[in-house]
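Asks: Before we start, here is the structure in question, set down as structure tokens.
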Amino acid sequence: MLSLGDSNSVKDDSGKRPKRALVLSGGGSRGAYEVGVVKALLEQGIEFDFAFGTSIGGINAAFIASGNFDRLEHLWNTLLGTDVFRMPTIDQIRLLLKGSRWGLLDTAPLEKILFKELNLQKFKESTMKVGLLTTDLCTLQTRVITTDEIESLPELVDVLMASSAIPIIFPSRSLNGEGMWMDSGLVRNTPIQTAINMGAKEIYTVMVQADNDGSCPQNILQVLTRCADILLYASAKDGIKLVQEYNKIIDQNASPEVLHHKLGLKVFQPDRNVILDMLDIKPVSSKYLMRQGYEDGLRQLAEQDI
């Protein structure tokens with residue numbers, strides 16, 4: 001767990017608290033850990049102006065901003081992987097190999113859940129503005145699509161499906177009839193820079209990867225998950241380094257006029273690796289991860305004296 005900047009909110013010259021952002025990373029089934037941490041933060045009265053997320057982090061952010069936290073927690077407590085995606089048939093695998101199909105798994109069940117559970121009006125009226133990240137395979141452009149740009153429930157579902165479209169595993173998505181939009185986790189899994197660009201001065205980031213504890217994968221799926229972790233964790237480290245460099249520049253010009261521009265960054269993460277396939281969604285694992293996230297969140301908050 002890492003903390004940068006002043007641990008207490010410092011009001012700006014207008015007397016208002018700085019803009020505060022919640023940043024949630026991708027990680028599939030380990031998104032349950034984020035729910036536990038956020039529960040701890042909300043119970044301590046911490047409010048957010050923004051919520052940014054990639055992949056499952058974006059889906060969690062949409063539910064949280066819509067005021068559906070209890071429902072989000074219930075879903076994690078009950079859902080199985082088969083409630084979110086379908087395994088391919090032999091014919092579908094053949095289509096994938098021929099290039100006529102763009103994802104191994106069928107994500108129609110996830111789409112159905114999003115249509116059923118999300119409320120566009122609550123999402124749009126929330127005081128927490130959401131930013132969802134997705135990358136186009138055609139142009140290699142990464143976009144941050146915000147609450148203000150989404151005008152209908154189908155648009156919201158399209159963006160969430162695109163943001164969570166793990167390459168090869170889940171099918172990409174067209175947005176407004178264009179592109180092949182997918183999970184931008186490998187580009188910007190933990191969108192700290194996005195939060196800074198949107199004006200946040202206090203950033204609360206929840207990561208689902210621990211610092212390496214030396215444990216070894218036990219099967220091929222865990223090998224693939226660990227390889228993904230390497231890329232995803234590197235993305236988060238880039239965002240953390242950006243904050244460090246920014247605050248270093250501020251310190252070098254430490255006058256009263258500029259000190260209040262320093263960024264505060266709080267990073268919450270497991271203290272041990274979660275050896276779990278990203279697609280292994282089941283109540284027993286989700287409950288464990290939510291409990292771990294909640295306990296880590298409370299402990300790390302206390303350590304940082306927020």
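The values are calculated or read from the model by the stated rules, or taken from the named source; none is laboratory data. Just so we're clear, the structure is a prediction, and the values are computed from it rather than from any experiment. Note that we place each Cβ from the backbone using ideal geometry, even for glycine, and neighbour counts take in every protein chain shown. Areas reflect the complete protein model, heavy atoms only, side chains present, ligands, DNA and RNA absent. Shrake-Rupley method; radii C 1.70, N 1.55, O 1.52, S 1.80 Å.
Asks: For segment 143-222, which helices (runs of 4 or more DSSP H) that fit wholly inside it have 3 or more residues that are surrounded by fewer than 22 Cβ atoms within 10 Å (Cβ to Cβ) and at pLDDT below 95?
Replies: Helices (runs of 4 or more DSSP H) meeting the threshold: 192-197.
Asks: Please determine whether any residue of segment 107-121 is small (Gly, Ala, Ser), surrounded by 16 or more Cβ atoms within 10 Å (Cβ to Cβ) and within 24 Å of Asp70 (Cα to Cα).
Replies: no
Asks: Would you list the helices (runs of 4 or more DSSP H) that sit entirely within segment 28-78 and hold 3 or more residues that are buried (at least 24 other Cβ atoms within 10 Å of the Cβ) and in contact (Cβ under 8 Å) with a residue 12 or more places away in the chain?
Replies: 31-43, 56-65
Asks: Quick check: anything in segment 268-290 in a loop (DSSP other than H, G, I, E, B), at pLDDT below 80 and charged (D, E, K, R)?
Replies: yes
Asks: Out of Asp229, Asp296, report the one residue that is modelled with pLDDT of 70 or more and assigned to a helix (DSSP H, G or I).
Replies: Every option except Asp296 fails the conditions.
Asks: Of everything in segment 18-53 that's at pLDDT below 90 and touching a strand residue (DSSP E or B) at 6+ places or on another chain (Cβ under 8 Å), which residue is nearest to Ser285 (Cα to Cα)?
Replies: The residue in question is Gly26.
Asks: Ok, one more. Against the condition touching a helix residue (DSSP H, G or I) at 6+ places or on another chain (Cβ under 6 Å), open to solvent by 20 Å² or more (accessible area, probe 1.4 Å) and either at pLDDT 85 or above or β-branched (Val, Ile, Thr) (or both), how does Ile93 come out, does it pass?
Replies: It is false that Ile93 is touching a helix residue (DSSP H, G or I) at 6+ places or on another chain (Cβ under 6 Å), open to solvent by 20 Å² or more (accessible area, probe 1.4 Å) and either at pLDDT 85 or above or β-branched (Val, Ile, Thr) (or both).
Asks: Which one is modelled with the highest pLDDT among residues in segment 122-142 that are open to solvent by 70 Å² or more (accessible area, probe 1.4 Å) and of a type in the set (S, T, N, Q)?
Replies: Looking at residues that are open to solvent by 70 Å² or more (accessible area, probe 1.4 Å) and of a type in the set (S, T, N, Q), I get Thr127.
Asks: Tell me yes or no: at least one residue of segment 253-260 is modelled with pLDDT of 75 or more, outside any helix (DSSP H, G or I) and surrounded by 14 or more Cβ atoms within 10 Å (Cβ to Cβ).
Replies: no
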